[in-house]
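Enquirer: Structure incoming, see below.
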Amino acid sequence: MLTTQGERGGASLDQRENHDIVDLFVIGGGINGCGIARDAVGRGLSVELAEMNDLASATSSASTKLFHGGLRYLEYWEIRLVREALIERETLLRAMPHISWPMRFVLPYHKDMRFEGDTPTSKVLSFVMPWMRGRRPAWLVRLGLFMYDNLGGRKILKGTTSINLSGTAEGAPLQDRFEKAYEYSDCWIEDSRLVALNARDAQDRGAKINVRTKVVSAEQVDGIWQITLEDKDTGAQRVVMARMLVNAGGPWVENVIRNAVRINSSEGVRLVRGSHIVTRKLYDHDKCYFFQGTDGRIIFTIPYENDFTLIGTTDAEHTDVATKPVCTPEEQDYLIEFASKYLKTPVSKDDIVWTYSGVRPLYDDGATSATAATRDYVLTLDQSAGAPILNVFGGKITTYRRLAESALEKITPFFSKDDKPWTAGVPLPGGDFPVDGVAALIAQLQAQYPFLDTAWATRLIKAYGKDAFEVLGEAKTAQDLGQSFGSNLTEFEVLWLVEKEFARRAEDIVWRRSKLGLRMTAQEIKLLDDWMAQALGVARQSETGEA
């Protein structure tokens, strides 16, 4: 019989008695909520978290999958944000070398590159160099990359180099008019796995993580928050009492303020939709491209899941949080046209195998455009209701750990705990091995489990790191791993994801804990969902994600 997360201490609504009071109740199971929960419980606070759907089911699984400083934010003079993110790249890389790794980015240069018109840098240069007519000079690109190399105290990642594209692997996919490029470093991150591992580590340290659990309301009584929760599978409700709330609702942060907590606040979010397309593999090497358009916007093309290419992102206003973000036909056309202006072989809609879209909940700073709105995070403390609530606005996935530390600076004065920041350098589950140790770990896994081919072993190590050995357990053959659901996804792995990583639906596994949905058939995904429903004892319709 499957051991569910509720039985292990993580998801059932009736497990904690109503009279218990936790120090901190976190609303939202994205990267900010899970990062704050992990940091707080590691400092000795009692913590509970509720996510109304799956972990990382919204913004945190719809990123461009990068730990990066934000090169283009330098033109907005957001130096502190960029510096903090650049420092964090290597801090995070050391803590999770299984789900994050260095990547090289090729930035082709041409004389027609232009600024986005409303950046501070473009306004200054238009004033002092009007003859440039908004064009971005090569010296400015190189200056930006010099700052990018040096603002964050880089030790692991390689610095910027200039390359001649003629006759090179990097130049082969590009149109012949591109002769020169700059190559710099950033890092890949498996975004939704990052969230799941933070949640798992928080639970291992004593936090309670509830998935598919909606916060119906929260009100303070005698200085204590009373939070009403509803299990979305059963409809059962219970009340949790907490000394402090953290509203990390992401796109729903304003909705929580207005409707769940019902406090007066003038602060709000600006919802900006970022869409991506995934195509067949467009080139053979493992480097990314940073393309700049004539409108000043940028997109990336990134090698993805071995056989595909990821292209994104867009910046479009999204007016209604209740409307699920999708990559519109217009956004698909925009990304296709943008990439095709650089590539020798134009991209077509027939090349697209998957699309996804997420909403960035940016702090509403009154910027004139979605692109210009700040990507920095804003934390506001409100005690007007009589009990404290911390509202989390904005943020980048790269700075989630620093955001959590900043949140704890505001949280800890309300408690007797005085523990110091601890998460820098502490590996996430499975990540306790050297940054350059992935190949050795893959070889070790294959030696212990000879039935694994290289692709299978690589996927397991890049998902679970050293925990891959626990996932496979005492298996001697592939058949020992139980039922196979397709694409080397086995019963043992599914059980691990349910028991350790809060998965409740096939969708959670094939589109968030992994990207096996790109390879599995609709029938295989339905079989998995039906199996999970039976194992968990939950009656439901199949959810198979979007393709």
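Enquirer: I'd like the full set of residues that are under 18 Å from residue 113 (Cβ atoms), open to solvent by 10 Å² or more (accessible area, probe 1.4 Å) and part of a helix (DSSP H, G or I), limited to the stretch 335-353.
Expert: Across the stretch 335-353, the qualifying residues are 337, 338, 340.
Enquirer: Report whether or not residue 479 is over 27 Å from residue 354 (Cβ atoms), assigned to a helix (DSSP H, G or I), open to solvent by 40 Å² or more (accessible area, probe 1.4 Å) and touching a helix residue (DSSP H, G or I) at 6+ places or on another chain (Cβ under 9 Å).
Expert: It is false that residue 479 is over 27 Å from residue 354 (Cβ atoms), assigned to a helix (DSSP H, G or I), open to solvent by 40 Å² or more (accessible area, probe 1.4 Å) and touching a helix residue (DSSP H, G or I) at 6+ places or on another chain (Cβ under 9 Å).
Enquirer: Considering only residues that are out of contact with any Leu (no Cβ under 9 Å at 6 or more places or on another chain) and assigned to a loop (DSSP other than H, G, I, E, B), look in the stretch 207-238 and name the one that is farthest from residue 93 (Cα to Cα).
Expert: 222
Enquirer: If you check every pair at least six apart or on different chains, which have Cβ atoms under 8 Å apart with a residue in the stretch 235-258 that is farther than 12 Å from residue 48 by Cα and touching a residue at least 12 places away in the same chain (Cβ under 8 Å) first and a residue that is acidic (Asp, Glu) and surrounded by fewer than 23 Cβ atoms within 10 Å (Cβ to Cβ) second?
Expert: Filtered contacts from the stretch 235-258: 236/14; 236/230; 237/230; 237/231; 238/14; 254/267; 257/267.
Enquirer: Something else: Residue 217 versus (1) open to solvent by 10 Å² or more (accessible area, probe 1.4 Å); (2) touching a Ser or Thr at 6+ places or on another chain (Cβ under 8 Å); (3) of a type in the set (Gly, Ala, Ser); (4) closer than 30 Å to residue 304 by Cβ: which is the lone unmet condition?
Expert: (4)
Enquirer: Please state which of the following conditions residue 260 fails to meet, knowing it meets all the rest: (1) of a type in the set (Gly, Ala, Ser); (2) touching a Gly at 6+ places or on another chain (Cβ under 9 Å); (3) modelled with pLDDT of 95 or more.
Expert: Condition not satisfied by residue 260: (3).
Enquirer: Going by what's in this entry, would residue 443 be described as open to solvent by less than 70 Å² (accessible area, probe 1.4 Å), among the small types (Gly, Ala, Ser), more than 30 Å from residue 259 (Cα to Cα) and more than 27 Å from the chain's Cα centre (by Cα)?
Expert: yes
Enquirer: Tell me, which residue of the stretch 1-54 that is among the acidic types (Asp, Glu), more than 12 Å from residue 209 (Cα to Cα) and modelled with pLDDT of 50 or more is surrounded by the fewest Cβ atoms within 10 Å (Cβ to Cβ)?
Expert: 20
Enquirer: Still on this structure, I have one more. Here is a list of conditions, (1) among the polar types (S, T, N, Q); (2) closer than 26 Å to residue 408 by Cβ; (3) not in a strand (DSSP E or B), and residue 259 meets all of them except one; can you say which number that is?
Expert: Every listed condition holds for residue 259 apart from (2).
Enquirer: crowded, with 22+ Cβ neighbours inside 10 Å, in a helix (DSSP H, G or I) and of a type in the set (D, E, K, R): which single residue out of 493, 499, 524 fits that description?
Expert: On inspection, the qualifying residue turns out to be 493.
The values are calculated or read from the model by the stated rules, or taken from the named source; none is laboratory data. All values derive from a computational prediction rather than experimental measurement. Virtual Cβ from ideal backbone geometry, glycine too; neighbours counted across all protein chains shown. Heavy atoms of the whole protein, side chains included, go into the accessibility calculation; ligands, DNA and RNA do not. Shrake-Rupley method; radii C 1.70, N 1.55, O 1.52, S 1.80 Å.
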